[in-house]
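Data first, discussion second: the structure below is written as structure tokens.
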Amino acid sequence: MSVMRSRIMRTMSKPRMTICPTCEGVGLMPAYDAMICPVCDGMGEVSYRSCDRCGGQGRVPRHAEVLCDTCKGVGYVRDGKTFPTE
């Protein structure tokens, strides 16, 4: 005797993230420069983990007010499109 099991599939939509068009993924306003992260010395990693201070970029802004206005320093923005997930 064969027993069939039905599998319920659900599809959800998640917002798609793209590189910020203003700062091109750097997280800083284009006219400003960054300094080497003092926590990871510009390596982007601390003990084989992504650096918490710079987010793995290896650079941090010299002043907080130079963060990108579009992405708030993250480097990515939602583009309004979604993709299906299970």
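The values are calculated or read from the model by the stated rules, or taken from the named source; none is laboratory data. As the structure is a prediction and not an experimental result, all values here were calculated from the model. Cβ sites come from the backbone with ideal geometry, for glycine too, and all protein chains shown count toward neighbours.
Of all residues in segment 22-38 being hydrophobic (A, V, I, L, M, F, W, C) and in contact with a helix residue (DSSP H, G or I) (Cβ under 9 Å, 6 or more places away or on another chain), which is surrounded by the fewest Cβ atoms within 10 Å (Cβ to Cβ)?
Checking each candidate, the answer is 31.
Go through the residues of segment 38-47 one by one and say whether even a single one is of a type in the set (Gly, Ala, Ser) and free of Cβ contacts under 8 Å to residues at least 12 places away in the same chain. If you could, list the steps in order and put the result at the bottom.
Keep residues of segment 38-47 that are of a type in the set (Gly, Ala, Ser), which gives 42, 44, 47.
Next, only the ones that are free of Cβ contacts under 8 Å to residues at least 12 places away in the same chain stay: 47.
Taking every residue of segment 38-47 in turn, at least one turns out to be of a type in the set (Gly, Ala, Ser) and free of Cβ contacts under 8 Å to residues at least 12 places away in the same chain.
Each row is one residue, and each column tells you yes or no for (1) assigned to a loop (DSSP other than H, G, I, E, B); (2) under 16 Å from the mean Cα position of the chain (by Cα); (3) surrounded by 12 or more Cβ atoms within 10 Å (Cβ to Cβ); (4) at pLDDT 90 or above.
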residue	(1), (2), (3), (4)
9	yes, no, no, no
40	yes, no, yes, yes
60	no, yes, yes, no
73	yes, yes, yes, no
81	no, no, no, no
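Test each condition in (1) at pLDDT 85 or above; (2) assigned to a strand (DSSP E or B); (3) not charged (D, E, K, R) for residue 17 and report the one that comes out false.
Only one criterion is unmet by residue 17, namely (1).
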